[in-house]
Amino acid sequence: MHDNMTIDGERLWQDLEALAQITDRERPWTRRAFTQRYLEGRAWLRHRMHEAGMTTRLDDAGNLIGSLTGSEPSLPPLATGSHIDTVPGGGRYDGILGVLAGLEAVRSLQDTGIRLRHSLEVIDFLSEEPSEYGLSCIGSRAMVGKLSPAMLDFQEPGGERLFDAIRRMGGVPEALGEPLRQPGALSAFVELHIEQGRVLESRQLPIGVVSDIVGIHRYDILITGQADHAGTTPMDLRRDALAEAGGLIKTIQQEAQRQAQGDAYLVATVGRLTVSPNASNAIPERVEMVLEVRSNDAALLEGFFPPLLEETRRQLAGSGIEVAAKSLSEGLPTQCADEVQAQIAAAADSLGLGTLSMPSGAGHDAVYMAMLAPTGMLFVPCLDGRSHCPEESITRQQAANGCQVLAETLRRLDQL
Ligand code: HGY
Ligand code: MN
Ligand code: MN
């Protein structure tokens, strides 16, 4: 630990409060990617980066990259960051803690006159949360060349293509498909994030050192029946898409509960569903829903849904109800780099902060950055483990602990 490189916890907290306030007023806390509100948040962040003496740029994927030049600028930069977009009605810390702690680390280096050898980048990745286009981690996926032309054609309910939305955010969508950066382009990537679970709080530990990050498969499922009058259509003549959707959702839950008893980590959720015609007196004709399966075991992840789909189709054969499914995205389980994990743990130890090595059940941009550079993550606890809801909460001290460990980790990585 450098004699006196301490971060300014109050300055970080003021930034967190200021950015959190840039939210849809009617539904705090909401700053959805690709919206005007999001652009407002980015403009605020860009201004703060400039005040900290950083240069900023948007890459072709629409990622906002702040940069502080090091004393040996020919070295591949160190990078940190996360995302400032939220889920609808989300929290005030998911994502923005990682971006603003990176910014605070830059200011602290400046304040103490420490000049890193490596240039340091603080990245706000475009649209980490599952977006209206059906895809998450859009900016980090694109950076490593995993945003396919088919994905660029995904549309949000209003019909806008992701291709056009990325242009609206300042990206250059025609340049995507190829990686924007090659392996080795960064020396290392470290992301600070709230845990979004209860483990650290229950163990009363201040820092989590992430060992691995779950893979996530998301499927778009379409169930098609027939709209009919809800009063005059006898039960044996119905083709009720929503009733079948309910049955499939229950089957998914029961199978995930069964498999979660095993050694590997596995969860499955249907959290987004639209019904049409969505009228109380009409039999549902069409249900579209998104299933996401997460596991740290690639085989379990791959093998979870196809057998359930096949069995459902067998049961519905001849009923006049169709079930179609397409894969929206497939992210593999990711191991964090041993050397980055070691530096995070050493940094925390040097600060007298206890650590726990733990997996991440949440997905993060770090999954894609691990394709470019040695990558690690550190967690701080959040109240009751709650996240993706307005009750998400951390203390000033937890924010400062995470930021201090992040800054010290970056300083140590710079010395390697
Ligand atoms: O959904 C996730 O795992 C992350 O919080 N976006
Ligand atoms: Mn999230
Ligand atoms: Mn997040």
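The values are calculated or read from the model by the stated rules, or taken from the named source; none is laboratory data. Everything numeric in this text was worked out from a predicted model, so none of it was measured. Methodologically, a virtual Cβ is constructed for each residue, glycine included, from the backbone with ideal geometry; neighbour enumeration extends over all protein chains shown. Just so you know, the surface numbers come from the protein's heavy atoms only, side chains and all, with ligands and any DNA or RNA stripped out. Shrake-Rupley method; radii C 1.70, N 1.55, O 1.52, S 1.80 Å.
Laid out as a table, the results:
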read-out: Residue in region 23-40 that is buried (at least 21 other Cβ atoms within 10 Å of the Cβ) and under 25 Å from ALA348 (Cβ atoms) present; value: no
read-out: Criterion (away from ligand 1 (no atom under 16 Å from the Cβ), open to solvent by 10 Å² or more (accessible area, probe 1.4 Å), part of a loop (DSSP other than H, G, I, E, B) and in the same structural domain as GLU178 (by TED's automatic domain parsing)) met by exactly one of PRO76, PRO88; value: PRO76
read-out: Positions within region 354-376 being more than 15 Å from THR80 (Cβ to Cβ), away from ligand 1 (no atom under 16 Å from the Cβ) and crowded, with 20+ Cβ neighbours inside 10 Å, in sequence order; value: THR355
read-out: Pick from region 91-122, criterion under 19 Å from GLN36 (Cα atoms) and surrounded by 24 or more Cβ atoms within 10 Å (Cβ to Cβ), ranking: nearest to ligand 1 (Cβ to nearest atom); value: GLY95
read-out: Failed item in (1) outside the structural domain of LEU351 (by TED's automatic domain parsing); (2) in contact (Cβ under 8 Å) with a residue 40 or more places away in the chain; (3) touching a strand residue (DSSP E or B) at 6+ places or on another chain (Cβ under 8 Å), with ARG203 passing the rest; value: (1)
read-out: Matching entry among SER140, SER136 (being assigned by TED's automatic domain parsing to the domain that holds LEU356, in contact (Cβ under 8 Å) with a residue 60 or more places away in the chain and either open to solvent by 30 Å² or more (accessible area, probe 1.4 Å) or not in a helix (DSSP H, G or I) (or both)); value: SER136
read-out: Whichever residue in region 84-143 is among the aromatic types (Phe, Trp, Tyr) and touching a helix residue (DSSP H, G or I) at 6+ places or on another chain (Cβ under 6 Å) and, among such residues, is nearest to ligand 3 (Cβ to nearest atom); value: PHE125
read-out: Subset of region 28-73 (residues that are of a type in the set (Ser, Thr, Tyr), part of a loop (DSSP other than H, G, I, E, B) and farther than 18 Å from HIS118 by Cβ); value: THR30, THR35
read-out: Filtered residues of region 62-107 (kept if charged (D, E, K, R) and within 16 Å of ligand 2 (Cβ to nearest atom)); value: ASP85, ARG92, ASP94
